[in-house]
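A short write-up of the structure that comes next.
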Amino acid sequence: MAKTTTAPRARAKAKGKTVAMTGNAGCALAMKQINPDVVAAYPITPQTTIVEEFANYVANGQVDTEYVNVESEHSAMSACIGASAAGARVMTTTSSQGLALMWEELSIASAMRLPIVMHNVNRALSGPINIHCDHSDSMGARDMGWVQLFSETAQESYDNTIIAVKVAEKALLPVMVLHDGFITSHAIDRFDVLDDADVQKFVGEYKPKHALLNVDNPETFGPFAMPAFYYEQRKALRVALDAAKDIVLKVSNDYAKISGREYGLFEEYRLADANIAIVVLGSTAGTTKYVIDEAREKGVKVGMLKLRLFRPFPAAEIAAALSHLKAVAVMDRSDSIGALGGPVYLEVKAALYNSKKRPQIQGYVYGLGGRDTGPDQIETVIEDLKKIAGGKEAPREAVTLLGVKE
Amino acid sequence: MGEGKLTEIRWHARGGQGAVTAAKLLAETALAQGNYFQAFPEYGPERMGAPIQAFTRISTEPIHIRSSVTNPNIVVVLDPTLLNTVDVTAGMQTDGILIVNTDDEPAEIRKMLRLKGRKIYTVNATRIAQETIGRPIPNTPMMGALVRATGMMPIENLADYVRSSFGKKFAAEIIEGNVKAVERAYAEVKAE
């Protein structure tokens, strides 16, 4: 099986430096270092500081990017699709309602196999209107045919942005990089960045396989597909997205060689000898590590599986990584209203269903609309898992809403 | 700060007093010391004059926790009028440190807040800022008081950092004013 997990730091070949920067500033810096041909974006909290900082790079002549000011996110993604089809390396960024307004273009971008890289700063969808973090925006886009890479920290967000460019161009698919609104986007954090030249060398010159502006070899883009062809097009997209899993691993391994930072499909934290575990993604994985370290000191054998790649969903690898456990909690920062629980819970549970050996599983929704998720909530989850693993309680059928007021 | 120990700081201020800048500056100073840190404001309906909070975490080890600071080791109050309206000592550690920008003595603040235990420091940072920088922005002098109260670094390191960090953006007299503000607050802060 392919290596799936985050390993200890390898030796970095490239130099770089350590910075004190917000997650959004790190993302803008990565975009500057990538120096895309076209960026079309519209500002929205909490993504705004990315476009602000990137616009500064453009205004200061530090990038060669054609920066397209648009009047909405619908136009932003439309402009990205046009530019990408023309043969340009294209990036954009958004949040929440902005992503929602891109909806109809999202599936067109993936169906046209356009390697657009979009940073989405996770923010709750309205309503009620809210500017704070949850994953309802990008989870809502999970069936749109985009690769989705979640980031726990500013470091991961910076690294994922650079990795995403190569993944998109190798897979011929759009890639969405996610980090948590305000928690990661606006907190000043310590992380390591590469030198501009090393990023340039890593992403290389973009040579599109198909380009509308290649007049020597005219091709058709985005045609109408009748029932005789539509289905096969969708099959091709499924095959392509499935294949993106190995591409993510390959590009991440290449990136580890220059950065010293290794990333897998997911990170296993103190999981190998655990008998209970929490599955989580985004910044709450950090708080979960903190709580696990404390619980381990008291002898509780708890671990964590932090998802990095959510689309394509690495079901077999996750099932294998969790099979030795007695009980697993899956924490979702978004709800799938009307379903059994949140989207991550549903996927993990489905991934385990046909396994001969599988843990008991319980689903949680937490932190909607930026509700703070402190160690106390994660401690509650561990207490629940101990009861389930000890046979004192059966897993609850209904999803548990953590930290909600009665 | 002990080896690997996490120090959590909560800043109380009014919008426009520079609490976010102070939390950021402290984080950058921590980087210069080779430490790990997080600095983040509480984002709400912030506007000039409204009560705001900001947070800084500092450790010699990587920091994983990402939730808000609820049990701070150190509380810094940039505006004394907040003492009547905001529960600035909420959740504070029993061995915590409270630093207030005020002309009052620490004993008076203790009486007013009915605070038991913990250490209280006071300094008139607004006056120091007015006299050194020429503007009543208390954030940099409060950094000097914080360094004195915690011993987190030699004051020379903070002064050096202010010089190198502000050097990119401000005129020499403003930079030296800020350095003087830091040094004066460090010298003038009173403890109880």
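For this structure, a couple of remarks:
- Residue pairs whose Cβ atoms lie under 9 Å apart, sitting 6 or more positions apart in sequence or on different chains, and linking a residue in the stretch B:14-38 that is at the interface with another protein chain (Cβ under 8 Å from one of its Cβ atoms) and assigned to a strand (DSSP E or B) to a partner that is crowded, with 23+ Cβ neighbours inside 10 Å and among the acidic types (Asp, Glu), are B:TYR36/A:ASP189; B:PHE37/A:ASP189; B:GLN38/A:ASP189.
- Screening A:ASP192 on (1) within 14 Å of chain B (Cβ to nearest Cβ); (2) crowded, with 24+ Cβ neighbours inside 10 Å; (3) in contact with a strand residue (DSSP E or B) (Cβ under 7 Å, 6 or more places away or on another chain); (4) not polar (S, T, N, Q) shows it passes everything except condition (2).
Quick grid of which residues meet (1) in the same structural domain as A:ARG270 (by TED's automatic domain parsing); (2) over 16 Å from A:GLY264 (Cβ atoms); (3) surrounded by fewer than 17 Cβ atoms within 10 Å (Cβ to Cβ):
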site	(1), (2), (3)
A:SER283	yes, yes, no
A:GLU297	yes, yes, yes
A:GLY303	yes, no, no
A:PRO312	yes, no, no
A:SER336	yes, yes, no
A:GLY341	yes, yes, no
A:GLU347	yes, yes, no
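- Reported count of residues in the stretch A:93-132, each being assigned to a loop (DSSP other than H, G, I, E, B), among the β-branched types (Val, Ile, Thr) and surrounded by 24 or more Cβ atoms within 10 Å (Cβ to Cβ), is 1.
- Taking (1) loosely packed, with under 11 Cβ neighbours inside 10 Å; (2) touching a helix residue (DSSP H, G or I) at 6+ places or on another chain (Cβ under 6 Å); (3) of a type in the set (Val, Ile, Thr) in turn, A:VAL215 satisfies each apart from (2).
- Apart from one condition, A:LYS209 fits all of (1) modelled with pLDDT of 95 or more; (2) closer than 27 Å to A:THR94 by Cβ; (3) away from chain B (no Cβ under 14 Å); the exception is (1).
- Test: residue in the stretch B:160-176 that is in contact with a Lys or Arg (Cβ under 8 Å, 6 or more places away or on another chain) and part of a loop (DSSP other than H, G, I, E, B): no
- Residue-level check: of (1) closer than 20 Å to B:GLU28 by Cβ; (2) of a type in the set (A, V, I, L, M); (3) surrounded by 21 or more Cβ atoms within 10 Å (Cβ to Cβ), B:VAL189 misses just (1).
- From the list A:ALA197, A:ALA187, A:ALA154, A:ALA228, the lone residue that is under 28 Å from B:GLU28 (Cβ atoms), among the hydrophobic types (A, V, I, L, M, F, W, C) and free of Cβ contacts under 8 Å to residues at least 12 places away in the same chain is A:ALA197.
- Within the option set A:VAL239, A:VAL280, A:VAL300, being closer than 26 Å to A:ASP189 by Cα and of a type in the set (Val, Ile, Thr) holds for one residue only, A:VAL280.
- Hits in the stretch B:177-192 - residues which are in contact with a Pro (Cβ under 7 Å, 6 or more places away or on another chain) and not in a loop (DSSP other than H, G, I, E, B): B:ALA181, B:VAL182, B:ARG184, B:ALA185, B:LYS190, B:ALA191
- Residue match in the stretch A:72-80 (condition: farther than 20 Å from A:SER107 by Cα and either touching a Lys or Arg at 6+ places or on another chain (Cβ under 9 Å) or assigned to a loop (DSSP other than H, G, I, E, B) (or both)): no
- In the stretch A:174-189, of all residues being within 7 Å of chain B (Cβ to nearest Cβ) and within 21 Å of A:SER334 (Cα to Cα), the one that is surrounded by the fewest Cβ atoms within 10 Å (Cβ to Cβ) corresponds to A:HIS186.
- Residue check for B:ALA13: crowded, with 19+ Cβ neighbours inside 10 Å and either closer than 14 Å to B:ILE74 by Cβ or of a type in the set (S, T, N, Q) (or both): no
- Residue list for the stretch A:42-92, restricted to those being β-branched (Val, Ile, Thr) and either surrounded by fewer than 19 Cβ atoms within 10 Å (Cβ to Cβ) or more than 20 Å from the chain's Cα centre (by Cα) (or both): A:THR48, A:VAL58, A:VAL63, A:THR65, A:VAL68, A:VAL70, A:ILE81
- Residue check for A:ASP246: in the same structural domain as A:PRO174 (by TED's automatic domain parsing), of a type outside the set (S, T, N, Q) and within 22 Å of the chain's Cα centre (by Cα): yes
- For A:SER95, the conditions (1) more than 16 Å from the chain's Cα centre (by Cα); (2) within 14 Å of chain B (Cβ to nearest Cβ) are fulfilled apart from (1).
- Just one of (1) over 23 Å from A:PRO375 (Cβ atoms); (2) modelled with pLDDT under 90; (3) at the interface with chain A (Cβ under 9 Å from one of its Cβ atoms) fails for B:GLY49. It is (3).
The values are calculated or read from the model by the stated rules, or taken from the named source; none is laboratory data. As the structure is a prediction and not an experimental result, all values here were calculated from the model. Glycine gets a Cβ as well: all are built from the backbone with ideal geometry, and neighbour counts include every protein chain shown.
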